[in-house]
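Everything below concerns the one structure shown next.
The values are calculated or read from the model by the stated rules, or taken from the named source; none is laboratory data. Quantities reported herein were computed from a predicted structural model and do not represent experimental measurements. As a convention, Cβ positions derive from the backbone with ideal geometry for all residues, glycine included, and neighbour counts pool all protein chains shown.
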Amino acid sequence: MSEFSLDLNEDQLQIQKWVHDFAETVVRPAGHEWDEREETPWPIIEEAAKIGLYSFDFIAQCFADPTGLLLCLVNEEMSWGDAGISLAIFGSTLAVAGIFANGTPEQAAEFIPQCFGTPDDIKLAAFGVSEPDAGSDVSSLKSRAVYDEATDEWVLNGTKTWITNGGLANTHVLVLSVEPELGSRGQASFVVPEGTPGISQGQKFKKMGIRASHTAEVVLEDCRVPGRCLLGGKEKLDERLARAKEGKKTSTQAAMATFEASRPLVGAQAVGIARAAFEYSLEYAKERKQFKRAIIENQAIAFKLADMKTRIDASRLLVHRAAWMARTGKKFENGEGSMSKLFAGETAVWVTEEAIQIMGGYGYVREYPVERWHRDSKIYTIFEGTSEIQRLVISRAISGIHIN
């Protein structure tokens, strides 16, 4: 008898329902308000912390899931509620992924709990790579980390931009250049703990979508962190830099290790937005009558909904495959992580636009959530690597050729 199954196990189903109930009763009703306010929804984060949804223990449980699917399920349900609020709650997990991918077990044990705090003392975390002149081209980072041997400290200088929770976070995980001449192979990840002098928030961005999620610049001015804040440790970094200088192959780059772990999760968020728009427009199409019949009885509408559902399900399968591969140590031979993020992100944009079309004028006004979901969806073709970068990763993987 075949062991292959796409069924979720009992624990996954229970957690999925628990998160969906929170998204339905707490997150979705608050979506419009916090989108309008463009502020971090602290009351919602506090509610999530109170029930254990925003906590180190819950995220550890998700990361420990042997299938790799649990965090995807959580992200889909929360983004079904509202993507901006979901990112405000789970933006810290990107920093967690950075620590988990690049740090030692001892560093993970020390720093990851600091990313969440406790229900009585909530903490946030941020992960930063992008800079004003280095977005998709992560090899061009100008921010520098210089080692001070006399004090065993790293001195950090530079500006990071487009950072979720940037400046607002208690703990920052930042990728900086150590050996600029080595490009992306000369970079390393650093933890900047709470209370460290020399780190500050720069410009806060007013965005098209995901407006409940705080996005800002992070400015480093002679910011000193102890040597233990270099993720992976100095010995490992020195070995990697030596191999790079000799022209030998090096291990995974600091930024890429984090993105590989997070792309399926970003794809799951996009699936949640698309699913929300599909379900809403489906119900509308069954209730809305024109020319004495429900509009879903017209092929033009019914076929749109059929295509929407098909692409959403295909996106979810790509996301789950990539998450399962990442968790079980299967190598991404064909850019499977990028495939999941690319297809799900573009599906979210397309599905939400189709939902607006189905609803007509009602889909375009702010009294209804579909226009917000469309605004929220667009970022999924931009952050964590644009669609063009995902296609570059995939095309290089399938061809073995360095395509520019």
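Between a first residue in segment 300-326 that is within 19 Å of TYR380 (Cβ to Cβ) and a second residue that is small (Gly, Ala, Ser) and not in a helix (DSSP H, G or I), which pairs have beta carbons less than 9 Å apart while being 6 or more apart in sequence or on different chains?
HIS320/GLY68; ALA322/GLY68; ALA323/GLY68; ALA326/GLY68
Criterion first (touching a Lys or Arg at 6+ places or on another chain (Cβ under 7 Å), assigned to a helix (DSSP H, G or I) and modelled with pLDDT of 95 or more) does GLY345 satisfy it? Spell out how you get there, then give the answer.
On the way: touching a Lys or Arg at 6+ places or on another chain (Cβ under 7 Å): no; assigned to a helix (DSSP H, G or I): yes; modelled with pLDDT of 95 or more: yes.
It is false that GLY345 is touching a Lys or Arg at 6+ places or on another chain (Cβ under 7 Å), assigned to a helix (DSSP H, G or I) and modelled with pLDDT of 95 or more.
Table: residues versus (1) of a type in the set (Gly, Ala, Ser); (2) buried (at least 19 other Cβ atoms within 10 Å of the Cβ); (3) in contact (Cβ under 8 Å) with a residue 24 or more places away in the chain; (4) more than 23 Å from SER130 (Cβ to Cβ).
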| residue | (1), (2), (3), (4) |
| --- | --- |
| LYS341 | no, yes, yes, no |
| ALA348 | yes, yes, yes, no |
| VAL351 | no, yes, yes, yes |
| GLN357 | no, no, yes, yes |
| GLU367 | no, no, no, yes |
| HIS374 | no, yes, yes, yes |
| THR386 | no, no, yes, no |
| LEU392 | no, no, no, no |
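Answer yes if at least one residue in segment 301-322 is among the polar types (S, T, N, Q), over 19 Å from ALA277 (Cβ atoms) and buried (at least 18 other Cβ atoms within 10 Å of the Cβ), and no otherwise.
no
So that you can scan it fast, the table gives a plain yes or no per residue for (1) over 30 Å from GLU33 (Cβ atoms); (2) charged (D, E, K, R); (3) part of a loop (DSSP other than H, G, I, E, B); (4) not assigned by TED's automatic domain parsing to the domain that holds LEU70:
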{"residue": "ASP313", "(1), (2), (3), (4)": "yes, yes, no, yes"}
{"residue": "VAL351", "(1), (2), (3), (4)": "no, no, no, yes"}
{"residue": "ALA355", "(1), (2), (3), (4)": "no, no, no, yes"}
{"residue": "LYS378", "(1), (2), (3), (4)": "no, yes, no, yes"}
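Right, GLY247: small (Gly, Ala, Ser) and under 23 Å from LEU94 (Cβ atoms) or not?
So GLY247 does not fit the description; no.
Given the criteria under 17 Å from GLU194 (Cβ atoms) and aliphatic (A, V, I, L, M), does LEU182 qualify? Give the steps one after another, and end with the answer.
Details: under 17 Å from GLU194 (Cβ atoms): no; aliphatic (A, V, I, L, M): yes.
Criteria not met by LEU182.
State yes or no: is ALA261 crowded, with 23+ Cβ neighbours inside 10 Å, touching a strand residue (DSSP E or B) at 6+ places or on another chain (Cβ under 6 Å) and either at pLDDT below 95 or not assigned by TED's automatic domain parsing to the domain that holds THR347 (or both)?
Answer is no for this residue.
If you check GLY345, GLY363, GLY335, GLY329, which single one turns out to be within 28 Å of the chain's Cα centre (by Cα) and over 29 Å from ALA101 (Cα atoms)?
Numbers: GLY345 fails: over 29 Å from ALA101 (Cα atoms); GLY335 fails: over 29 Å from ALA101 (Cα atoms); GLY329 fails: over 29 Å from ALA101 (Cα atoms).
None of the other options fit; the residue is GLY363.
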